[in-house]
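Here is the structure we will look at, set down as structure tokens.
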Amino acid sequence: MENKTISRIGVLTSGGDAPGMNAAIRAVVRTCKYYNLESYGIYRGYEGMILNDIRKLETKDVAYILERGGTFLKSARSAEFRTTEGRKKAFDNLQKHNINALVVIGGDGSLTGAHLFFEEFGIPAVGLPGTIDNDLSGTDSTIGFDTACNTAIQAIDKIRDTASSHDRLFFVEVMGRDAGFIAINAGIGSGAAATLIPEKKMPVETLIERLKSRAKAKKQSNIVIVAEGGKSGGAMEISEKVRKILPGYDIKVTILGHLQRGGSPSSFDRLLASKLGVAAVEGLIQGKYDVMAGIINNKVVYTPIKRAIVDDKSVDEDDFRVAKILST
Ligand code: ATP
């Protein structure tokens, strides 16, 4: 269904920032230009919509941002947008600028906001999966996930140098409150001794057995990857339990934290963000509303936001099996 009413598209980034968000914004702005639509940048996510921090964007505004991490539109978490009054203020501001469609780049919370906004005020929105967590259905990968995995693996490589020089046991905590995608990729990609993810509980006894059998096999270094939301606790908590049982081990903990969010997006994330930016604008032109654009098997797919945010995406059982085989 072709929609003739869309003329001004507002674009915003919301929730946690992710590498590749800039590339997505650039693609939205350039695609708008291509189809003779106007694009408006909404600064600081929904907060900027409520505060009317909205400016027209030209292609020159998105020059030299493809390769930059973060988001030049800035991101925020807006408590006020969770209220009907807040969303009404936001709607009034969009009206002032005659913005009649939105591209929302963010995680499940941001897309939930876009869905509610569409239901309440009828503003057509296409969501783009912008989060390092990879926890959205309807896409094989989210924008920023690949870069975050690369960053984690590079950091773990460096930790391994010191771990093997001193026969240390390192616990490295990576991001992932509800999903262990970064952890499992980092675990396989860095040759970890074990990977603890929120989706699966690994009893401390199992971990101890794994470490003991690796000691027998004279493995030179031991790195255990822990997702921050792991069922067995964070890296600090688990390391303390292990220290009590294996007092002879020289145990260190590194929490990678926010460095996983930063940095120049990988080629994969640049491509993903660019393709999805184009898909978002084309989706709106074609009348695809209240959907998230994603890529599955190298094809653009539009999934109803309600389905994309359902909390049912978890680490592939096969990936978990591979990590286990390669760590024993
Ligand atoms: P990340 O995955 O990086 O945490 P996210 O988009 O899930 O990103 P949230 O903090 O959950 O991050 O959501 C971002 C913003 O989206 C919130 O600050 C709020 O403004 C809006 N939002 C989230 N959930 C809702 C909701 N249920 N109703 C309305 N707005 C919401």
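Since every read-out is calculated from the coordinates, none of them should be taken as a lab result. A quick note: this is a predicted structure, and the numbers were derived from the prediction, not measured. All Cβ positions, glycine included, derive from the backbone under ideal geometry; neighbour counts span all protein chains shown.
Along the axis of the charge dipole computed for the chain (Cβ charges of +1 for Lys and Arg, -1 for Asp and Glu, origin at the Cα centre), the listed residues 98, 35, 166 are led at the positive end by 166.
Only the Cβ atoms of Lys and Arg (+1) and of Asp and Glu (-1) were treated as charged; on that basis the dipole of the chain about its Cα centre amounts to roughly 520 debye. Extending 7 Å from Cα along the Cβ direction at residue 213 and again at residue 72 yields two label points whose distance is 5.3 nm. Under the convention that each Lys and Arg Cβ holds +1 and each Asp and Glu Cβ holds -1, the size of the dipole of the range 146-262 around its Cα centre is about 400 debye.
At full extension, residue 120 and residue 5 could sit 39.5 nm farther apart than now, given 0.36 nm per residue minus the alpha carbon distance. Pairs spanning more than 30 Å between alpha-carbon atoms, out of 201/252; 33/313; 56/313; 201/306; 275/306: 33/313; 56/313. When exposed loop sites are taken as GluC sites (Glu not before Pro) in a DSSP loop with at most 15 other Cβ atoms within 10 Å, the longest stretch of the chain clear of them is 68-328. So in the chain, what percent of DSSP beta bridges are antiparallel if you round to the nearest 5? Antiparallel bridges: around 25 percent, rounded to the nearest 5. Where the alpha-carbon atoms of the chain are placed on the principal axes, they occupy 69, 36, 32 Å, in descending order.
FRET efficiency for the residue 307 to residue 201 pair, using the beta carbon distance and R₀ = 30 Å, is estimated at 0.60.
Give the cross-link partners of residue 158 among the aspartates and glutamates, using a straight C-alpha distance below 16 Å as the criterion and excluding same-chain residues fewer than 8 apart. Within reach: 167, 173. Farthest towards the positive end of the charge dipole of the chain, among the residues 57, 123, 69, is the Cα of 69, using unit charges on the Cβ of Lys, Arg, Asp and Glu.
Restricting to the range 1-150, what percent of DSSP beta bridges are antiparallel, rounded to 5? Taking every DSSP beta bridge with both residues in the range 1-150, the antiparallel ones total about 20 percent.
In the chain, helices alone account for a calculated mean residue ellipticity at 222 nm of -13000 deg cm²/dmol, with every DSSP H run of four or more residues adding -39,500 (n - 2.57). Along the positive direction of the dipole of the range 177-252 (beta-carbon charges: Lys, Arg +1; Asp, Glu -1; about the Cα centre), which of 182, 236, 221 reaches farthest? Result: 221.
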